[in-house]
Amino acid sequence: MTAYAWRGTACAADVNMDQADQFRRFLQQADAVLDSQPDPQDFSWRASDFRRGAETGSFSEYQRRFEAVWALDRYNIDLCRSFARMIMPRWLGRDEHDLEVFARRAAELTKDRFGYGFYALIQAANTEVGEHEIEDTLCDRALVKQGFEDLLARFPAPSNFNLYADMLEWMKDTQALADLLETRFRTIVPEIWYGDTIDDKFVYAFETLLEADEVLKARRRPG
């Protein structure tokens with residue numbers, strides 16, 4: 001975390017020499033700590049080993065480390081979303097099939113507890129990447145909606161309604177978004193939404209809900 005705080009989120013060409021040096025320095029320290037205390041059966045050790053696997057630049061190596069930690073906690077959605085984000089083509093992914101194949105596999109392996117919820121939550125990782133459109137993916141809109149409905153039937157928490165709304169906006173499904181706003185959406189959870197600050201996140205959420213409200217108003221107009 002310290003290494004990435006030094007590096008920042010800019011493209012590699014925009015990272016200055018001091019940032020890059022500090023980034024490498026702290027990654028090396030993390031490597032030294034983990035390698036000095038190997039514990040392959042410990043989830044925390046495996047999770048850390050998986051995260052540093054992204055720096056290998058190898059899809060197969062990153063996937064190998066992911067599979068090792070995922071086997072210790074099959075229902076860990078944060079782990080799966082982290083992996084899903086990194087296997088997008090702009091990072092370690094080879095093409096759009098990597099994310100789609102993984103989302104479907106994860107859904108099948110966790111269906112006993114979440115229905116198709118993992119498919120929806122993994123695909124929702126797409127919304128966190130700027131200028132990333134659904135047309136760039138193989139996302140199955142119908143399966144996403146089924147997945148969120150499966151989640152809400154089991155875990156009707158405000159955060160899941162917000163994730164659903166955010167995903168519907170990304171899928172450009174304003175009719176379904178309007179239905180959600182009219183019948184079930186009641187609370188904004190700002191942490192779910194895109195933005196650098198809490199204010200930005202609230203603005204994004206309100207703008208999304210206003211789109212849905214316009215649809216509802218149009219439905220009520222006579223004729």
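Quick check: is even one residue across the stretch 33-42 touching a Leu at 6+ places or on another chain (Cβ under 9 Å) and free of Cβ contacts under 8 Å to residues at least 60 places away in the same chain?
Yes, the stretch 33-42 contains a residue that is touching a Leu at 6+ places or on another chain (Cβ under 9 Å) and free of Cβ contacts under 8 Å to residues at least 60 places away in the same chain.
Condition (residue is in a helix (DSSP H, G or I), more than 30 Å from ARG25 (Cβ to Cβ) and in contact with a helix residue (DSSP H, G or I) (Cβ under 6 Å, 6 or more places away or on another chain)) applied to the stretch 66-78: is it met by at least one residue?
Yes, there is a match, as at least one residue in the stretch 66-78 is in a helix (DSSP H, G or I), more than 30 Å from ARG25 (Cβ to Cβ) and in contact with a helix residue (DSSP H, G or I) (Cβ under 6 Å, 6 or more places away or on another chain).
For the stretch 125-143, check the following and say yes or no: at least one residue is surrounded by 20 or more Cβ atoms within 10 Å (Cβ to Cβ) and either charged (D, E, K, R) or in contact with a Lys or Arg (Cβ under 9 Å, 6 or more places away or on another chain) (or both). So that I can check it myself, show each step before the final result.
Quick first cut of the stretch 125-143, residues surrounded by 20 or more Cβ atoms within 10 Å (Cβ to Cβ) only: 125-126, 139.
Restricting the remaining residues to those that are either charged (D, E, K, R) or in contact with a Lys or Arg (Cβ under 9 Å, 6 or more places away or on another chain) (or both) gives 125-126.
The answer is yes; a qualifying residue exists.
Let me spell it out: the conditions are (1) over 15 Å from ILE122 (Cβ atoms); (2) not in a helix (DSSP H, G or I), and GLN28 meets all of them except one. Which number is the exception?
(2)
Of the residues ALA165, ALA176, which is in contact (Cβ under 8 Å) with a residue 40 or more places away in the chain and outside any loop (DSSP other than H, G, I, E, B)?
Step by step, each of ALA165, ALA176 is checked, and only ALA165 is in contact (Cβ under 8 Å) with a residue 40 or more places away in the chain and outside any loop (DSSP other than H, G, I, E, B).
Filter the stretch 55-68 down to the residues that are modelled with pLDDT under 90 and over 15 Å from LEU34 (Cα atoms), then identify the one that is surrounded by the fewest Cβ atoms within 10 Å (Cβ to Cβ). Please lay out each step first, then the result.
If we filter the stretch 55-68 for residues that are modelled with pLDDT under 90, which is where we start, we get 55-57.
With the extra rule that they be over 15 Å from LEU34 (Cα atoms), the set shrinks to 56-57.
Numbers: THR56: 13, GLY57: 10.
Filtering first and then ranking leaves GLY57.
Any residue at all in the stretch 1-20 that is among the aliphatic types (A, V, I, L, M), at pLDDT below 95, open to solvent by 70 Å² or more (accessible area, probe 1.4 Å) and outside any helix (DSSP H, G or I)?
Yes, there is a match, as at least one residue in the stretch 1-20 is among the aliphatic types (A, V, I, L, M), at pLDDT below 95, open to solvent by 70 Å² or more (accessible area, probe 1.4 Å) and outside any helix (DSSP H, G or I).
Taking PHE161, is it open to solvent by 70 Å² or more (accessible area, probe 1.4 Å) and either of a type outside the set (A, V, I, L, M) or within 18 Å of TYR116 (Cβ to Cβ) (or both)?
no
Give me the residue from the stretch 91-106 that is surrounded by 18 or more Cβ atoms within 10 Å (Cβ to Cβ) and among the hydrophobic types (A, V, I, L, M, F, W, C) and, out of that set, farthest from ALA120 (Cα to Cα).
LEU92
For PHE23, are the conditions met, namely being surrounded by 14 or more Cβ atoms within 10 Å (Cβ to Cβ), farther than 24 Å from ALA106 by Cα and in contact with a Lys or Arg (Cβ under 7 Å, 6 or more places away or on another chain)?
Yes; evaluated as a whole, the condition is true for this residue.
State all residues of the stretch 187-223 that are among the aromatic types (Phe, Trp, Tyr) and closer than 12 Å to ASP166 by Cβ; if no residue qualifies, say none.
TRP193, TYR194, TYR204, listed by residue number.
Taking the stated definitions as given, is PRO222 over 26 Å from PHE114 (Cβ atoms) and either in contact (Cβ under 8 Å) with a residue 12 or more places away in the chain or in a loop (DSSP other than H, G, I, E, B) (or both)?
For PRO222, the condition - over 26 Å from PHE114 (Cβ atoms) and either in contact (Cβ under 8 Å) with a residue 12 or more places away in the chain or in a loop (DSSP other than H, G, I, E, B) (or both) - is met.
The values are calculated or read from the model by the stated rules, or taken from the named source; none is laboratory data. Since the model is a prediction, treat every value here as computed from it, not as a measurement. With ideal geometry, Cβ positions are generated from the backbone for all residues, glycine too; neighbour counts draw on all protein chains shown. All accessible areas refer to the heavy atoms of the entire protein, side chains included, with ligands and DNA or RNA removed. Shrake-Rupley method; radii C 1.70, N 1.55, O 1.52, S 1.80 Å.
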